[in-house]
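Each remark here refers to the structure printed beneath this line.
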Amino acid sequence: MKLLPPLLADLKAICAAFPDPRKGRGGNIAMADFGLSAFAMFFMQSASFLSFQRALEKGQGRSNCQSLFGIEKIPSDNYIRDMLDEADPALLAPCFERLESLLAEPPLRQAFGRLGGRTLVAWDGTEFFCSQKLGCPHCLTRRRSNGKVESYHSMLAATVVAPGHAKIVPLMPEFIAPQDGAEKQDCERNAVKRWFGKHHARLSACRSLAPLRPVYLGDDLFACQPIAMMVKDNGGDFIFTAKESSHTALYDFIKGAEALHHDEKVRKGKTTDTFRYRWFEAVPLRDGKDAMPVSWIGFEIIDAKGRVKYSMAWVTSLPVTKQNVAEIVACGRTRWKIENEGFNVMKNHGYELEHNFGHGARFLAMTLASLNLLAFAWHTVLELLEPPWIAAREAATKRTSFFAHLATLTAYAIFPSWPVFLEALATFTIPPELLKTQKIE
């Protein structure tokens, strides 16, 4: 295996540098083991993974935590929570940057490159914790109609997406949290400005092959002049949803004017729809003499009876022509993948993002969410790039079956390495030498 071992080695080095709250007295468990133990639970998609490995270690003297993840000693769940509470999630940024390097290489560039080899990065916010009892300095708050105050965590996610591709790759998130010196509560727009300041220059910089040249996708919330100018002035481009209700000046400007247009007939099964594209160039994003000029694109899907089945509009900094309008619209429509293929999967299909794995008094909730997101990102790139992982995944057919097999096999047998383990998953057999040397019941 060429990819998973170095990824784990990088993560172990990062976790080893987490601040140790034991204040010099240390302990018999290394800091790396706390971070790796939490990550292993998310990576295996099993809340019981660590308890199964403790049982194995007790009976066999070792476990898959050691052989697969490089964990020397398995901490208790409460010990993990206590020790990771001081670890700022920003410390995990290099692990996500490693994924950016993979996206710049030919296999993933071919899979995700659009608009002439550019990378689409979708922005959206999501909530992942809410409680009327627990809270921390990084929680946002809101008062419900019954007068009770809730504390909650939210983050601005950035995810690589592509039309026609079922996979997505999460990047480092930016947490929406109280900021020093701020009078108002933090919000998605402020978070996206911080994210952009931290990551855009790196994504746009020359790499060993070529820069990712991001095109940012976002909903109507981001289609405002400060964010649009931030992106364009720094060499990026955007495709943002633009609703008439929040862009009255723009829609007043184009009302009654004749748009450039292009129609395409698209056959699906026995039905034929018309894809209708309309666009204007150099229209004002807002009212005022300093309004930023953008291109506006309207898109409709019309059935054979002339009924509009779908309608949406965007503003973009990209030049729009008859030759590229369909691709720009396809990219704009791909923004929904961050919700359906991202948040929906993370919350409802194994990762349990909204589950309270531990809140802590400082960073714990955000650090665990980052490790969970990292596990999801790794699963995506492994399924696209790592042949042994691909073979094991295809053998299981269903995604749920694959992770069920991961949990089941590691609960009863200890595998000396990932290649041996994945081979067992792909062939549905445990190597005879393991059966001879281990007490497998």
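The figures follow:
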{"quantity": "Residue that is nearest to Val192 (Cα to Cα), among those in region 124-146 that are touching a Lys or Arg at 6+ places or on another chain (Cβ under 8 Å) and surrounded by fewer than 18 Cβ atoms within 10 Å (Cβ to Cβ)", "calculated": "Pro137"}
{"quantity": "Count of region 302-317 residues which are touching a residue at least 24 places away in the same chain (Cβ under 8 Å) and open to solvent by 20 Å² or more (accessible area, probe 1.4 Å)", "calculated": "5"}
{"quantity": "Search result, residues across region 175-230 that are open to solvent by 50 Å² or more (accessible area, probe 1.4 Å), assigned to a loop (DSSP other than H, G, I, E, B) and on the phi < 0 side of the Ramachandran plot", "calculated": "Pro178, Gln179, Asp180, Ala182, Glu183, Lys184, Gln185, Cys187, Cys206, Arg207, Ser208, Leu209"}
{"quantity": "Test: residue in region 96-113 that is open to solvent by less than 50 Å² (accessible area, probe 1.4 Å), closer than 30 Å to Asn340 by Cβ, of a type outside the set (S, T, N, Q) and part of a strand (DSSP E or B)", "calculated": "yes"}
{"quantity": "Set Phe421, Phe343, Phe402: member being of a type in the set (A, V, I, L, M, F, W, C), more than 22 Å from Ile14 (Cα to Cα) and open to solvent by 10 Å² or more (accessible area, probe 1.4 Å)", "calculated": "Phe343"}
{"quantity": "Candidates Ile338, Ile390 - the one that is more than 30 Å from Pro21 (Cβ to Cβ), β-branched (Val, Ile, Thr) and under 19 Å from the mean Cα position of the chain (by Cα)", "calculated": "Ile338"}
{"quantity": "Residue selected from region 373-391 under the condition among the β-branched types (Val, Ile, Thr) and open to solvent by less than 10 Å² (accessible area, probe 1.4 Å), by the criterion farthest from Leu7 (Cα to Cα)", "calculated": "Thr380"}
{"quantity": "Residues located in region 248-266, provided they are small (Gly, Ala, Ser) and open to solvent by 80 Å² or more (accessible area, probe 1.4 Å)", "calculated": "Gly256"}
{"quantity": "Pairs with Cβ under 6 Å, 6+ apart, first in region 357-377 and within 14 Å of Pro137 (Cα to Cα) and of a type in the set (Asp, Glu), second open to solvent by 20 Å² or more (accessible area, probe 1.4 Å) and in a loop (DSSP other than H, G, I, E, B)", "calculated": "none"}
{"quantity": "Helices (runs of 4 or more DSSP H) wholly inside region 1-76 that include at least 1 residues being surrounded by 13 or more Cβ atoms within 10 Å (Cβ to Cβ) and of a type in the set (D, E, K, R)", "calculated": "4-16, 31-44, 49-60"}
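The values are calculated or read from the model by the stated rules, or taken from the named source; none is laboratory data. This structure is a prediction, so every number in the text was calculated from the model and none was measured. We place every Cβ from the backbone using ideal geometry, glycine too, and count neighbours over all the protein chains shown. To get the accessible areas, we keep the full protein, side chains included, count just its heavy atoms, and leave off ligands, DNA and RNA. Shrake-Rupley method; radii C 1.70, N 1.55, O 1.52, S 1.80 Å.
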